[in-house]
Structure formats: C-alpha cells, structure tokens
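Participant: The structure that follows is given in the form of structure tokens.
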Amino acid sequence: MKRRKFLLTSGLSLSLAAALGYKNTIKKIFTNDEFSDNISTNSLECEVFIENNTVKFNDKFSIATSLCNGCTTFCSVRALIDNNKVIKTFGNPYSLLSSDPWLDMQVSLKDSFLKLNDINSLNSRSTCCARGSSIHHKMYDEFRVTKALKRVGKRGENKWKSISIEELINEIVNGGNLFNEGYVDGLKSICNTKKLIDENNPDYGPVANQLCILGTADEGRQNFLTHRFAQSFGTINYLGHTAICGLSMRAGEAAYLDDFTSYAHLKPDYEHCKFLLNIATAPAQAGNPFKRQAHLLAQARTYNNLKYVCVTPNLTNADSFAVNENSRWIAIKPGEDLAFVMAMLRVIIENKFYNEKYLQIPSLKSQIALNDVSFTNASYLVCKDKNKEFLKDEGSILVIDSVDNKVKKADFVLQAILDFNGEVEYKNKKYQVQTSFNILKENSFLKSVKEYAKICDIKEEIIFELAKEFCSYGRCVATDCHGGTMHTTGFYTAYAIMMLGAMVGNLNHKGGMSVGGGKYASFNGKCFNLLSYKGKVKPFGTRIDRARKAYETSTEFKNKIKNNQNPYPAKDKWFAFTNALENEVLSSSANAYPYKLKALITWGANIVYGQNNNKDVIALLKDPSKAAPLFIAIDPFINETSIYADYIVPDSVLFETWGVLSPWAAYNTKTTHLRYPNSKIS
C-alpha cells in the first residue's frame, strides 16, 4: 500500500471512530495523556534490577513459583505478587515446558535471573504463552462464584440465592423436599457400601455407586478427590473429561502400544526428527504441550532442517512461508483422514517402502539380541479358523522363522516371515493362518488409491509422493494427531496413523516417537502415603458408563444364557476397553441401564460445552426426574453445565491451591510440577 493511500485510509478510519464516540481512546493513542511515562507508559516496575552482574530484588514485590492451569499443559511459571495479589506471570527457567534448555536445579535463584538477563542468548529466555500471561485475572473476575449458591427457580433459569456452607452441607447430605419439587435423596442415604443397587444384578455394586462424580483434566488435586472422597464414599463412578477430549486418539495409541491401562501418549522427537507428518493437528497451535512444541519446532526447522507437512481442512499458522519448503499444507476433506492414511499404507505396502527388517522382529528377546529399540506383532500368525486369535503354544505366540520357514515360538526366532497367508503345520496339526501384516495389507487393499483419493479429496500423485517421502528418512520420522481424530471413526484413524510409524520402525527410535518421561511419586512420601491408609474402601461394581467391562461378564448376560435366552443384543452398548465415557453418564442414568443415579457432582466439568448435539444433554439435566435428581456443581464460574445445577460450590482458581501433577508429554525427562497457595481474592 502506498504511503498516500495509507494516510488517507487511516485518516478516514480515525474520523469514523471519532464520530462513533471514540475520541478519548484516539486521544490516548496519540498524546499519552494518561500514561505515567512516555516510553514505558503504564507498565509495571521491574521486579529485579541487575547492575554489574549483581541481582537486586524490588522490595515492592514478591515472586512465587507455581504452575499454570490456564490449559491442560500445566506449565511451571513464576508469579509476581503485589500486596498478596498476582499482577503478572512469566516463565520459570527451571521448567522444561517454559525453557529449552531448562536450568539445572542446582542453579541458585539469583543466578537464574542473571541467566534470564543474558541478551546474547535466546536460549536464556523463559516464556509464558498469551493465555498463561493473562489467565491470573480470573482470580479477581467479577463473575466468580464466591459463595455457595442454591437455585430458586427451575433448573437452567439462572436464579440463585446465597446460602451458608453449613446450610449447603446440611441440605446435600440429608436431602429432603429441597426445591418444593418432591423428596430428594441426600448423600447420606446414598453412602451405603453394603446394600446392593439391584439384588438380581449384584455385579452393579452397592448403592454408593448411585453417586457419580465428573471431573476435568487432572490439575493437581484429582488424587485427593478420587482417593480421599470418591473412594471413601464407596462409588466406582469417578470419570475424567477424556471422552470429550482425546479419548479416541488415546485409545488408538493404546491399541498400538497394547496398553489400555495407562493410555500412554506418543510424541515426536522434534530435536532429531527429519520429517514430521501432522494429521488433523497444527504443531505449536494445538496438541499439548503446544508452547514447548512451538519452541522445538522452530529450532528443528531452523537448525536441523526438519521438514513437516500439515494435513488439515484449514490453513493454519503451522505452515510458514518463513521456512520456505520445510513446511507444507495439504488440504483434506473434513473427517476423511482415515481414507488418506489407508491410501498411504497401501502405497507403502504395495511398493515395499516399509522397513522389513524391523517388522520381522517378533519379540522382546529378539529385539534385545538385535540391539533394537522396539518390536511389533507384524509377523504373528493369526488363525482364520479360531476367531482370528493368535496361534499359540502354551501361551507363547507362534511365527514362521525366516531362516528355515518353520513355525516356532516367537522368543526363539530372530527374524520371522512378514507377509504370509496360507496353511502351516505345527506339531502334526494344520492351520489356516495369515500374519498380522498380511491382515493390514488385506484391509488397506480393500480400495484402490484412486478410490481413497476421491474420498479424502487429495490427489493420487500427492498421496504417492508423500508416502514415498515419509519412508525416505529411515526411522527419523514421526506422526502427530489429536483433535481431528475426535469423531466416530477416530479410534481407527488414530490407530492407522500409528501404523505409518510402524512401517518405518520409529517407536522409541531417535528422531521418531516415544512416550514421555513420566512423573515422580506425588502423594506417597517417606513419612506419609496420602493415597493409601488403613480401612480404605475399595469400590466395586459396574460403572454407569458401562466402560472397562465386557457385557459377556455381566450377570444379565449369564442369566440369559442360563435361561436359554438369546443374550444379544444388550439393551445398550458396553465398552470393555474404553477408559471413560463421560458422554454416556446422563443417558445411562435416564435409561436406568445399568441403573439410575441419585446424585451427580461435577468438578470443573462442562459436559454441555464439550459434546455435540448438546440439546439432548441439556434436556436430561433440566429435568431432575430424568438423569440426576440431585446435581451439585463445584466451579468458580457458572458455565454452560453448572447453570443447570441445584447447588454451586465455589472453587479456587489457579494459584490459590495446592496441586501436584505431571505435565504433558513431549519430553523424556521425568518431572513433577507443584502449585501452592500464594494469593487470595482481593
């Protein structure tokens, strides 16, 4: 734009703004009338002064180390406190989420400020994201709930009255005709670990299970809520927010890792990766920990020549002109990521771009013998005539030895035949089998690349080119996915994306992908174990979401078999491998299957906001007779869900509480972050 045009345009804009009543704002922009200083305007005083390599702290302030839960990354930060009020947050240089490299714990606090003042090194910086820099204002928000509230109208009318904590406890514990709508059971009558919900279905568990607690991401207090309240109450029904966050992605990765217990989360090794394929996610903009990812991505593409591709329907800032050909965006039809990945798998298998030597490793023993870092079940034999179960001998998986073509136990084979479909003989018995790899091949070949391309709206030549490039960097490649796999085929999409990594053998390999470093024991110290104590109740029974349990293990199924009835179909779906399904809670209770809830407690949860088609969720919450006769929300604000509560219990925000947790992955260092009270509501 030419200078003359810019001046004319900006002049016109200012004239319009003035006409609309923004004279004072415009005046401040140009005159600084209300600024205390012409250069630093109204910025805060420095908390630290450094002169002649000497650190001097400003006595007006105190600085506290804490962690931010403005999002679920939970970075460690420093908070600047003035008169017991947080007025600023900034990065903590000791935190691997805020600095790279982070400071050694042996570096003194004073020396840490000297390091931060090193103007000659960008590596000395310790950052706080935009949200982390501003979220502390929530502690002093005028809309905070600071007193216990009880609804005085119908659910959802947003009419409340303040009550004392004593009244709150009395009413929710003892129940009664609390709203002139009929009798409501209190927690006291539900807290029964001896009486069964249903004598005909003892596997449902005790009456205590009729209390369900819905939480959010673990922000450092979840262990206290689950172990010190939920378990002591006796309910098996504590559910986090996983189902409306990253469950399908986590389940896909859990299937890949054969670990449905910890639901581990794989992340790329940015520092050594040569090629990164992002599907349905934008690195540094989405997928925790995005702040650390941003730093690592910028470093890798600048100094390590990392190339990365983002496959998303919309163009994001992840694709940057600043790095020229090192980044690329490929547009895709929304929701069709699975077709794209299956097309890539077909190209890789059809053209033998895969790492055959790696995929032939059949066991941990052979992995160790070959000095490798992981192995797969690609060569395992699957029986076609035994419900497609692995062919075993005394519990040991069988494979075909690539040396002599004989069927043997996997532990005694260094390299097994990878692609096989046919008949084998073992101990004088013949079996029709195919390898796991052959099953993947069979499924990826169900459609042609042309058909896949049409489904996902990506050209065939682009798919072929990308598959070839993905396999051209050896094992220094990675994939990443997150929110885009949160749909009905998300589990299969995430699993298929992980299969791309399996094709080259990037699991645990330098430049590939790995699980995070984990955390230290948080609540079981040398003197006290706060999570284990004498007389601790062990909840039992069937969860309200029917997760973690197969229908075939239920009393209902067994009784139907016993009475010669067809047990199928069940009244509703059961989820044997699923971690938690928050979205099933209300409908399960409304349908009284497996049973009806008597009380619901939400803690920082917002299930209305987090679910599609939430009008059905709202309908179940609005009517106390349907899903939750007693609904208590623990929340510092009234949100889209707690507006339908019977009671709202005020909660603390950010730096007002204790909290111990492990932040998200994307590093191989074991770490635990701590938050402690260092401010209060002014």
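The values are calculated or read from the model by the stated rules, or taken from the named source; none is laboratory data. Values in this document were obtained by computation on a predicted structure and should not be read as measured data. Every residue, glycine as well, gets a Cβ built from its backbone with ideal geometry; the counts of neighbours run over all protein chains shown. Just the protein is used for accessible areas: all its heavy atoms, side chains included, with ligands, DNA and RNA removed. Shrake-Rupley method; radii C 1.70, N 1.55, O 1.52, S 1.80 Å.
Participant: So the check is Cβ under 6 Å with 6+ separation or different chains; which pairs have a first residue in segment 373-385 that's among the hydroxyl-bearing types (Ser, Thr, Tyr) and modelled with pLDDT of 95 or more and a second one that's crowded, with 20+ Cβ neighbours inside 10 Å and part of a loop (DSSP other than H, G, I, E, B)?
Facilitator: From segment 373-385, the pairs are SER379/GLN360; SER379/PRO362; SER379/LEU418.
Residues are listed down the side, and each one gets a yes or a no for (1) of a type outside the set (A, V, I, L, M); (2) open to solvent by 10 Å² or more (accessible area, probe 1.4 Å); (3) in contact with a strand residue (DSSP E or B) (Cβ under 7 Å, 6 or more places away or on another chain):
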{"position": "THR216", "(1), (2), (3)": "yes, yes, yes"}
{"position": "GLY234", "(1), (2), (3)": "yes, no, yes"}
{"position": "ASN237", "(1), (2), (3)": "yes, no, yes"}
{"position": "GLY246", "(1), (2), (3)": "yes, no, no"}
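Participant: With modelled with pLDDT of 90 or more and in contact with a strand residue (DSSP E or B) (Cβ under 7 Å, 6 or more places away or on another chain) as the only criterion, which of LYS110, LYS154, LYS138, LYS150 stands out?
Facilitator: LYS150
Participant: Restricting the search to segment 138-192, which residues are open to solvent by less than 30 Å² (accessible area, probe 1.4 Å), aliphatic (A, V, I, L, M) and under 35 Å from the mean Cα position of the chain (by Cα)?
Facilitator: Matches in segment 138-192: MET139, VAL145, ALA148, LEU149, LEU168, ILE172, LEU187, ILE190.
Participant: Every residue in segment 416-437 that is under 19 Å from LEU370 (Cβ atoms) and either over 35 Å from the mean Cα position of the chain (by Cα) or acidic (Asp, Glu) (or both), please.
Facilitator: Residues satisfying the conditions are ALA416, ILE417.
Participant: Turning to a different aspect of this structure: Could you tell me whether segment 635-648 includes any residue that is in a strand (DSSP E or B), among the aliphatic types (A, V, I, L, M) and open to solvent by 20 Å² or more (accessible area, probe 1.4 Å)?
Facilitator: No, segment 635-648 contains no residue that is in a strand (DSSP E or B), among the aliphatic types (A, V, I, L, M) and open to solvent by 20 Å² or more (accessible area, probe 1.4 Å).
Participant: Has segment 511-531 got at least one residue that is at pLDDT below 95, farther than 28 Å from LYS195 by Cβ, touching a Leu at 6+ places or on another chain (Cβ under 8 Å) and among the charged types (D, E, K, R)?
Facilitator: Within segment 511-531, one or more residues are at pLDDT below 95, farther than 28 Å from LYS195 by Cβ, touching a Leu at 6+ places or on another chain (Cβ under 8 Å) and among the charged types (D, E, K, R).
Participant: Right, here's the next one. Of the conditions (1) over 22 Å from ILE244 (Cβ atoms); (2) out of contact with any Pro (no Cβ under 6 Å at 6 or more places or on another chain), ASN612 satisfies every one except a single condition; which number is it?
Facilitator: Unmet for ASN612, out of (1) over 22 Å from ILE244 (Cβ atoms); (2) out of contact with any Pro (no Cβ under 6 Å at 6 or more places or on another chain): (1).
Participant: Give the residue, chosen from ALA547, ALA502, that is of a type in the set (A, V, I, L, M, F, W, C) and under 30 Å from LEU597 (Cα atoms).
Facilitator: ALA547
Participant: Now for a different question. I'd like the full set of residues that are under 17 Å from PHE420 (Cβ atoms) and either of a type in the set (Phe, Trp, Tyr) or not in a helix (DSSP H, G or I) (or both), limited to segment 347-357.
Facilitator: LYS352, TYR354
Participant: A further question follows. Against the conditions (1) touching a Lys or Arg at 6+ places or on another chain (Cβ under 7 Å); (2) more than 18 Å from ASN506 (Cα to Cα); (3) surrounded by fewer than 23 Cβ atoms within 10 Å (Cβ to Cβ), where does VAL309 fall short? Just the number, please.
Facilitator: (2)
Participant: What's the total number of residues in segment 104-137 that are under 26 Å from ALA286 (Cα atoms) and open to solvent by less than 90 Å² (accessible area, probe 1.4 Å)?
Facilitator: Counting residues in segment 104-137 that are under 26 Å from ALA286 (Cα atoms) and open to solvent by less than 90 Å² (accessible area, probe 1.4 Å) gives 12.
Participant: Answer yes or no: is there a residue in segment 67-88 that is open to solvent by less than 40 Å² (accessible area, probe 1.4 Å), closer than 30 Å to ALA284 by Cα, more than 23 Å from the chain's Cα centre (by Cα) and modelled with pLDDT under 90.
Facilitator: no
Participant: List the residue pairs whose Cβ atoms are under 8 Å apart, where the first residue sits in segment 102-118 and is without any contact (Cβ under 8 Å) to a residue 40 or more places away in the chain and of a type in the set (A, V, I, L, M), the second is in a helix (DSSP H, G or I) and crowded, with 18+ Cβ neighbours inside 10 Å, and the two are 6 or more positions apart or on different chains.
Facilitator: LEU103/SER112
Participant: Starting from segment 659-682, keep only residues that are on the phi > 0 side of the Ramachandran plot and buried (at least 22 other Cβ atoms within 10 Å of the Cβ), then list their pairs with residues that are among the polar types (S, T, N, Q) and at pLDDT below 80 whose Cβ atoms are within a distance under 8 Å, requiring at least 6 positions of separation or different chains.
Facilitator: Pairs found: ALA666/ASN288.
Participant: OK, next. Counting only residues that are touching a helix residue (DSSP H, G or I) at 6+ places or on another chain (Cβ under 7 Å) and assigned to a loop (DSSP other than H, G, I, E, B), which one in segment 327-346 is surrounded by the most Cβ atoms within 10 Å (Cβ to Cβ)?
Facilitator: Ranking the qualifying residues of segment 327-346, first place goes to ILE332.
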